[in-house]
Amino acid sequence: MMKIIKTTERKYYKYQYDSWTQPPQSVDGVMGRNSFAVETDSVFNSWKAYRAFDNNDSTSWHSAKVPCYLAWYNPIPLKISSINLIKTQKEITGTLQGSNDNVNWVDLASFTTIGTGSTITNSSNEAYFYHRLNISYSTYADAYGRYAVIYTMTINAQTRQIVEGTSSDYDFYRDINLYKTVQRTERKYFKYSTSSWTRPILTDSTGNGTVGASSFAVQASSESSSSYEAWRAMNDKYISGNYNWLSNGSDTTNWYEIYNEIPLNITNFHIYNYSATGSSAVPTAGKVQISDDGTTWTDIKSWTNSTTGARSQWDISLSSNTAYSKYYRILFTANYAGNNTLYGLNELQITATQKKVIEGTSSDYAFYVDVETYNILD
């Protein structure tokens with residue numbers, strides 16, 4: 001039996017607006033085709049609809065009666081902002097209307113006894129394939145009736161097309177049902193590859209980086225100022241110069257966090273104390289924690305330190321650590337001053353290996369994933 005799977009895919013779309021120039025007409029054309037066209041329901045003699053769109057003030061569309069309409073079509077919907085009546089014979093009254101099928105019409109704007117030099121303003125944001133001036137009255141009349149006469153008019157508009165959007169940038173969406181048949185199932189094998197890792201050197205141009213992104217980054221519970229940012233304990237300038245991370249001295253929970261996109265197995269932290277002699281910021285006790293998401297932390301080591309001199313070196317050994325984690329955090333619980341509020345590091349060096357997932361084989365793998373290949377049914 002064929003396996004058929006139904007899924008729903010959400011497609012996002014948005015409107016794209018582009019400038020549009022009214023094309024000059026020499027014929028009415030055919031409404032609903034692939035080019036701009038015009039039409040009317042009333043023509044006096046041979047004064048056809050296109051003559052209002054030919055950019056010629058000496059020719060005109062002349063209706064044989066009122067009420068009547070003058071309509072136009074564009075193959076890409078138009079969002080009209082205004083219509084300028086460049087030249088008319090007397091004044092007209094009516095409504096500007098829009099339609100997407102040339103049958104059902106929506107009133108967009110009304111106008112009353114306007115003529116040469118007047119503007120019809122449309123405040124609607126909707127776009128339509130079809131528009132028309134539906135003229136209900138004209139002040140131009142003789143013994144035989146009333147007539148609408150427009151020599152020249154210009155349409156100010158933008159085209160509106162529908163293009164693909166995204167889940168964060170869209171005007172509307174459609175949920176589409178897809179029916180798939182499973183063509184075949186392929187087993188993909190994977191294994192872990194471990195290799196040595198060298199801690200990157202951070203600089204003023206890299207800054208702390210962004211924890212959780214695609215490159216190495218650090219952050220701390222606080223920073224005393226821009227001169228004591230977390231990255232300064234990762235810049236390899238531990239021999240001379242005042243390059244340190246320093247907390248703000250007011251927190252009671254203090255930590256220094258390391259992030260790497262590829263999980264690390266850290267086996268040692270080699271620490272250089274804060275560079276100031278007799279500094280109360282030297283840490284003397286704390287913990288090392290790891291996390292898979294940067295939110296939930298697990299203790300893997302408690303440590304103490306009795307080396308308190310400026311730039312003195314000491315280690316937090318994690319030789320028994322077998323975990324590979326993206327997030328590591330050194331939590332400080334006591335300092336040289338005994339007040340647990342101020343902490344600093346001159347340099348933090350790391351010994352670690354990294355673990356990547358690579359392709360394996362059916363005889364050499366750590367895990368596998370069964371991947372189904374589908375055919376989409378129309």
May I ask you to say which residue of Thr185, Thr152 is farther than 30 Å from Ile358 by Cα and either in a strand (DSSP E or B) or within 28 Å of the chain's Cα centre (by Cα) (or both)? Thr152
Listed by range, strands (runs of 3 or more DSSP E) wholly within the stretch 240-333 having at least 1 residues that are among the acidic types (Asp, Glu) and either in contact with a strand residue (DSSP E or B) (Cβ under 7 Å, 6 or more places away or on another chain) or within 17 Å of Glu347 (Cβ to Cβ) (or both) are 254-273, 298-304, 313-317
Got a number for residues in the stretch 202-237 being over 18 Å from Leu342 (Cα atoms) and assigned to a helix (DSSP H, G or I)? 1
Can you name every one of the strands (runs of 3 or more DSSP E) wholly within the stretch 44-135 that holds 2 or more residues which are under 21 Å from Ala157 (Cα atoms) and among the hydrophobic types (A, V, I, L, M, F, W, C)? 68-88, 106-114
Which is closer than 22 Å to Ser196 by Cβ, free of Cβ contacts under 8 Å to residues at least 60 places away in the same chain, among the β-branched types (Val, Ile, Thr) and surrounded by fewer than 21 Cβ atoms within 10 Å (Cβ to Cβ), of Ile262, Ile290, Ile300? Ile300
Can you go through Thr267, Thr304, Thr284 and tell me which one is hydroxyl-bearing (Ser, Thr, Tyr) and in contact with a Ser or Thr (Cβ under 6 Å, 6 or more places away or on another chain)? Thr267
Subset tally (residues that are assigned to a loop (DSSP other than H, G, I, E, B) and either acidic (Asp, Glu) or touching a residue at least 40 places away in the same chain (Cβ under 8 Å) (or both)) for the stretch 1-28: 5
Go through Ser222, Ser205 for me and flag whichever is exposed (fewer than 12 other Cβ atoms within 10 Å of the Cβ) and among the hydroxyl-bearing types (Ser, Thr, Tyr). Ser205
Of the numbered conditions (1) at pLDDT 95 or above; (2) under 29 Å from the mean Cα position of the chain (by Cα); (3) charged (D, E, K, R); (4) within 30 Å of Tyr343 (Cβ to Cβ), Arg199 fails exactly one; give the number of that condition. (2)
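The values are calculated or read from the model by the stated rules, or taken from the named source; none is laboratory data. None of the values given here were measured: they were computed from a predicted structure. Quick reminder, even Gly has a Cβ in these numbers, built from the backbone with ideal geometry, and neighbours come from all protein chains shown.
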